[in-house]
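So the structure is just underneath, and the comments pick up after that.
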Amino acid sequence: MALEVVGVRILVTGGTGRLGSAVGARLRAAGEEVRVLSRRPGPDVVRGDLRTGRGIDSAVAGMDVVVHCATDYLGREAALARTLVEAARWAGAPHLVYVSIVGVDRVPLGYYRTKRETEELIAASGLPATIQRATQFHGLVRGLLAGASRLPVVPVPRVSFQPVDVRDVANRLADLALAEPAGRAPDFGGPEILTAAELAAAVGEASGRPRRILPVKVPGETFRAYADGGHLTPGHRDGVITFRQYLAGQAGHAS
Ligand SMILES: NC(=O)c1ccc[n+]([C@@H]2O[C@H](COP(=O)([O-])OP(=O)(O)OC[C@H]3O[C@@H](n4cnc5c(N)ncnc54)[C@H](OP(=O)(O)O)[C@@H]3O)[C@@H](O)[C@H]2O)c1
């Protein structure tokens, strides 16, 4: 008797965002059944709001896996996750995959604290879960350094970054989504660790406006944590797309 092969049903929260849209594309390409959660209507979207809880129970119902890429920059990250965890419990405990950031326990940023709190909430939820920390995305690092590139001399902090491409992170998350729950997965980092000066130079060259770079020491405990490499994972240079390759692919794009 032929076996019926049934695809895995996966909800991607934040599936309209930078990372989530890449995760959805990767899972669809693998033949999986993907549902995207968004607060706004759209094609192949199920509407729901993790802040109010509206639509979340029905979005999660029937799912085998939830890849949680939705995020809140105003301090409500854990509240969003709490809503999702409650809905997942009612929906028969699908595998919950959460994406966090390398160094959330080492760099004293408010947003990082909420990510750490959310990791703990998910780990303590009793749900089958996987937590993946990743380093800064190429687009974020480019955004941090591009603004100043219009000045004749570009001041940059004396820190390094290990930027990673969202497509590489999406590949990892898709693999995790289709595997057994792993708890805290090994960190996922970009292929190179470069100083902000080197990265700013690359942004200048890619934009055709090379500028003089001036590394500066920034005071404060947050920058000390960055300068100490709290956000880096030198032992995990997993991504394959370099920052320069990303910039070359962005030529002519606004973001
Ligand atoms: N950026 C980085 O360098 C970096 C590095 C490592 C890890 N991460 C993590 O990667 C994840 C994704 O980041 P990203 O940059 O791809 O995010 P993003 O592009 O800013 O997208 C945020 C997403 O969250 C959704 N969302 C926000 N509030 C919501 C709510 N109340 N209910 C439902 N959905 C909501 C939005 O969906 P709608 O607007 O369609 O509702 C949107 O799709 C985050 O957890 C982030 O911490 C980011």
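Once amide H atoms are built 1.01 Å from N in the peptide plane, which residues 5 or more positions from G239, or in another chain, come under 5 Å H to H?
G189, G190
How large is ³J(HN,Hα), in whole Hz, for each residue of the range 106-118 in order, when computed from phi with the Karplus curve 6.51 cos²θ - 1.76 cosθ + 1.60 and θ = phi - 60°, using x for Gly and Pro?
10, 9, x, 9, x, 4, 5, 4, 5, 5, 4, 4, 5
Simple spin-label model, 7 Å along Cα-to-Cβ: E33 to T195 in nm?
Output for this residue pair reads 5.4 nm.
Quick one: ranking V166, V60 by accessible area, 1.4 Å probe, largest first, what do you get?
V166, V60
First measure r as the distance between the Cβ atoms of R40 and L109, then evaluate 1/(1 + (r/R0)^6) with R0 = 25 Å and state the FRET efficiency to the nearest 0.05.
Step by step, r from the Cβ atoms, then E = 0.35.
Positive end of the charge dipole of the chain (Lys, Arg +1 and Asp, Glu -1 on Cβ, about the Cα centre): tell me which of T13, F161, G62 has its Cα farthest that way.
Among T13, F161, G62, the one farthest towards the positive end of the dipole of the chain is F161.
Which residue fluctuates the most in the chain, going by a Gaussian network model with Cα springs under 10 Å, if the choices are E221, E119, E192?
E221
If you keep only loop residues by DSSP, which trypsin sites (Lys or Arg not before Pro) in the range 199-255 have at most 14 other Cβ atoms within 10 Å of their Cβ?
Answer by residue number: K217.
On the accessible surface of the range 135-214, probed at 1.4 Å, how many percent belong to carbon and sulfur atoms?
Carbon and sulfur atoms account for 57 percent of the accessible area of the range 135-214.
Nearest 20 debye, what's the magnitude of the dipole of the chain about its Cα centre given +1 on Lys and Arg Cβ and -1 on Asp and Glu Cβ?
Here the size comes out at about 1000 debye.
Taking a probe of 1.4 Å, how large is the accessible area per residue of the range 9-250, in Å²?
47
So who's got an amide H within less than 5 Å of the one on I213, skipping anything under 5 residues away but keeping other chains? H placed 1.01 Å off N, in plane.
Residues meeting the amide H criterion: V154.
Using only Cα atoms, what is the ratio of the radius of gyration of the chain to 2.2 N^0.38 Å?
This ratio for the chain stands at 1.07.
Using Cα-Cα distances under 8 Å and only pairs 6 or more residues apart, what relative contact order does the chain have, in percent?
Details: 509 pairs, mean separation 46.5, N = 255.
After rounding, I find 18 percent.
Once the Cβ-Cβ distance between E205 and A61 is put in as r, and R0 is 35 Å, what FRET efficiency do you end up with, to the nearest 0.05? Write out the running numbers ahead of the final one.
Working: r = 50 Å, r/R0 = 1.43.
My answer for the efficiency is 0.10.
The values are calculated or read from the model by the stated rules, or taken from the named source; none is laboratory data. Please read all numbers here as calculations on a predicted model, not as lab measurements. Heads up, the Cβs are rebuilt from the backbone with ideal geometry, glycines too, and the neighbour counts pull from every protein chain shown. These accessible areas exclude ligands, DNA and RNA; they are computed on the full protein's heavy atoms, side chains included. Shrake-Rupley method; radii C 1.70, N 1.55, O 1.52, S 1.80 Å.
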